[in-house]
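A short worksheet on the structure shown next.
Nothing in this text is a laboratory measurement; each read-out follows from the coordinates by a stated rule. All figures in this text were calculated on a predicted structure; none of them were measured in a lab. Cβ: placed from backbone, ideal geometry, glycine included. Neighbour counts: every protein chain shown.
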There are 4 protein chains.
Amino acid sequence: MSKLFFRYGAMNSGKSTAMLQVAHNYEERDQRVVLVKSSVDTKGNDQIVSRLGVTRTADILLYPGQDLRAALRERDTESGQDIACVLIDEAQFLTPEQVDQALAIAVLDGIPVVAFGIRTDFRTRAFPGSQRLMEVAHSLQEMKTICRCGSKAIFNARLGEQGIIREGDQVMIDGEQARYEALCARCYLEAEPAAP
Amino acid sequence: MSKLFFRYGAMNSGKSTAMLQVAHNYEERDQRVVLVKSSVDTKGNDQIVSRLGVTRTADILLYPGQDLRAALRERDTESGQDIACVLIDEAQFLTPEQVDQALAIAVLDGIPVVAFGIRTDFRTRAFPGSQRLMEVAHSLQEMKTICRCGSKAIFNARLGEQGIIREGDQVMIDGEQARYEALCARCYLEAEPAAP
Amino acid sequence: MSKLFFRYGAMNSGKSTAMLQVAHNYEERDQRVVLVKSSVDTKGNDQIVSRLGVTRTADILLYPGQDLRAALRERDTESGQDIACVLIDEAQFLTPEQVDQALAIAVLDGIPVVAFGIRTDFRTRAFPGSQRLMEVAHSLQEMKTICRCGSKAIFNARLGEQGIIREGDQVMIDGEQARYEALCARCYLEAEPAAP
Amino acid sequence: MSKLFFRYGAMNSGKSTAMLQVAHNYEERDQRVVLVKSSVDTKGNDQIVSRLGVTRTADILLYPGQDLRAALRERDTESGQDIACVLIDEAQFLTPEQVDQALAIAVLDGIPVVAFGIRTDFRTRAFPGSQRLMEVAHSLQEMKTICRCGSKAIFNARLGEQGIIREGDQVMIDGEQARYEALCARCYLEAEPAAP
């Protein structure tokens, strides 16, 4: 039985870099991977962008209503080569149904799925995709990054003029509609709210 | 900064045993622990019961509306000795607010908190307490057990006459109102539904 | 392919309790486990003793020159039931050859092996068994306990009259020939040597 | 107390990429890191080379007899900025003394040290540096890669004409003096020895 992995981390923990590295590890072995990115993340369109400077086009830009398992099967038919691994970027934006499809791909179709994503939004609440991944993934693996204070960052603060924002829409894309900073629990809890 | 740990596992993975062992490790060092159990788990009342045969009374039987941080402070005042660690049994039954209180105890009061609990209910949905713990805990640590097929069990099936039940109340206490079996994802997905 | 697991921890981290819990989890499923203990640990003879108060007799008391795979095969023939899991207590005392046999049991015979043991001796050097386990185990899993200062203990200090001892035989059984204390790295490095 | 981390993995598991990502995470925060590489790895000289295409010059090319803690202190004096983290590439080639110095940097000087390296040589025996790291590191974290068969690779086979080589010098640099392939335990154990 193959497994569904959720590698979660705060923003800027190197998730896309790690995903591109896994793809590279398979392809060096002449094994085929399929790269998926949620269309909800409009930044970079269908590009998987690592902050280290490596970029690559997703094979599937997955829309909220789309069936991941069907999309994958279609891809599979096109090519003569079996899929060895499915990698998902920005997996917090999957719908719960798409996560269940990812589980079925691993468990019933025998293809390991590694989903990379953020655990929680700017109010420390899970995104629909990350919530479902934390419920059903075989393995939850943390990717670490640091807070301004040097501790491990676990939350993603949305930044306002002079502090952090605690109300608003769940999805506002980083660098386009809002600015974010990964913080440790203490810095997050003790931060001043932004001026209105 | 102390941390909030969530040690999750399917039913019968040895969570209560592990919790009693951690308590023992601290007390052997003459360090004080406080044992908390959610009152929602009516089985055994205020007893923390390990299937290995070890049993111990909880210091705090926590009710849904109760403030964990306040309850702890009260305990602390009673005794001359600082609390070195807080241990929580059946933590899936905490309210989200109580989990936030546990985070504050770790981050703001400097006392490590280790919460032991089940990840998901019989329909593979998180309990309110486990959902909040998966959102905010510093560390998610899996406790393993096995499925009937020998694979790792990750789901908790509610058993009916001839199969598994997929509809009903979220909370039905094991051995009192319902019977459960920890299953791997494949055995869970492929199981026949119970006869109505 | 089954795996060889090494669950290591400082002294008094609850390794024997965890091992007895794993045995219980299998047996509750009517699956058969074989419990192995190294004969080098003379404390308790063939008893696996948990500090929580649970005790059980080992199925195989393994002598340094003995072939683990052969001993297991002999056990297997005696019974009509397949072995679902092999559990090893005090695995730091295995010979490197016995660890290689444990790897073969997992990889070639398809039986998962979980070895529980101490990582290093009183001078922070690996035991022969733990060294080989750290080289070849599929998974290294830490079992935690605490230092007198509250930090995580990773070393095992041998105690003398007024401090810790840094010279002597590698194997001196706890409570019989020597006394030990699990310490964090800082407390270990900064400790006064014992008076001669 | 800061910690010493050992992130180990078979060859081509993405260790250098992960190290450069950690450096990036700190520097984005305007925190200073020092990159160390063992001089025993002559490939790329003082360059830290990621197979994803990212390359960077090491701050310290560490020679076998050199004192890491002294080399770091010297670096520290040169600059007005404190060191937030020390990162070590090819850490399997450190001497045991240098690993002890890395532990002292973490524990006594308060600077976290993350060492990246291979666990074992082509005969599945630890390198001196990785052995000492497995003895004393606070945290052992595996970096995964895959075998030709799709399983997790844990061993590094040295390749000969028609099979794998099981005798020879421990250190022969990849791509210069020898060729290697990361294999799972089964593929390694079952492989034909190379023709002499």
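Some points to look at:
- With N counted as the residues of the range B:61-175, its alpha-carbon radius of gyration over 2.2 N^0.38 Å works out to 1.24.
- Placing a label point 7 Å from the Cα of D:LEU189 along the Cα-to-Cβ line, the residues of the range C:113-129 whose backbone N sits under 14 Å from it are C:113-114.
- Beta-bridge orientation, the protein assembly as shown: approximately 35 percent antiparallel, per DSSP, counting only bridges with both partners inside.
- The Cβ shell under 13 Å around D:GLY160 holds other residues with a net charge of -1, Lys and Arg each +1, Asp and Glu each -1.
- The dipole here belongs to the protein assembly as shown: it is taken about the Cα centre, uses +1 on the Cβ of Lys and Arg and -1 on the Cβ of Asp and Glu, and is about 0 debye.
- Residues whose placed amide H lies under 5 Å from that of B:ARG179, excluding near-sequence neighbours: B:LEU159
- Cβ-Cβ FRET estimate between B:MET1 and B:VAL171, R0 fixed at 30 Å, reported to 0.05: 0.35
- Taking a straight Cα-Cα cut-off under 20 Å and skipping sequence neighbours fewer than 8 places away in the same chain, the lysines within cross-link reach of B:LYS43 are B:LYS15.
- By the combined test of axial Cα extent (at least 15 Å) and Kyte-Doolittle hydropathy (mean at least 0.5), the qualifying DSSP H helices of chain A come to A:96-107.
- Ascending distances from the C:SER79 label point to its copies in the other chains, with the point 7 Å along the Cα-to-beta-carbon line: 4.1, 4.6, 5.9 nm.
- Relative to the other identical copies, A:GLY150 shows label-point distances of 1.8, 4.7, 5.0 nm, where the label point lies 7 Å from Cα along the Cβ direction and values run shortest first.
- Spatial offset of the range A:158-183 relative to the range A:70-117 amounts to 30 Å, using the alpha carbon center of each.
- Highest-MSF residue in chain B out of B:ARG75, B:ARG29, B:ARG166 [GNM, Cα springs under 10 Å]: B:ARG29
- Label-point separation in nm, D:ASP82 to A:GLN81, each point 7 Å along Cα→Cβ: 4.9 nm
- Neighbourhood net charge (13 Å Cβ-Cβ; Lys/Arg +1, Asp/Glu -1) for B:LEU52: +3
- Compactness of chain A, expressed as Rg and Dmax over alpha-carbon positions, Å: 17.0, 58
- Label-to-label distance, A:GLN141 versus D:ASP109, with points set 7 angstrom from Cα along the beta-carbon direction: 3.1 nm.
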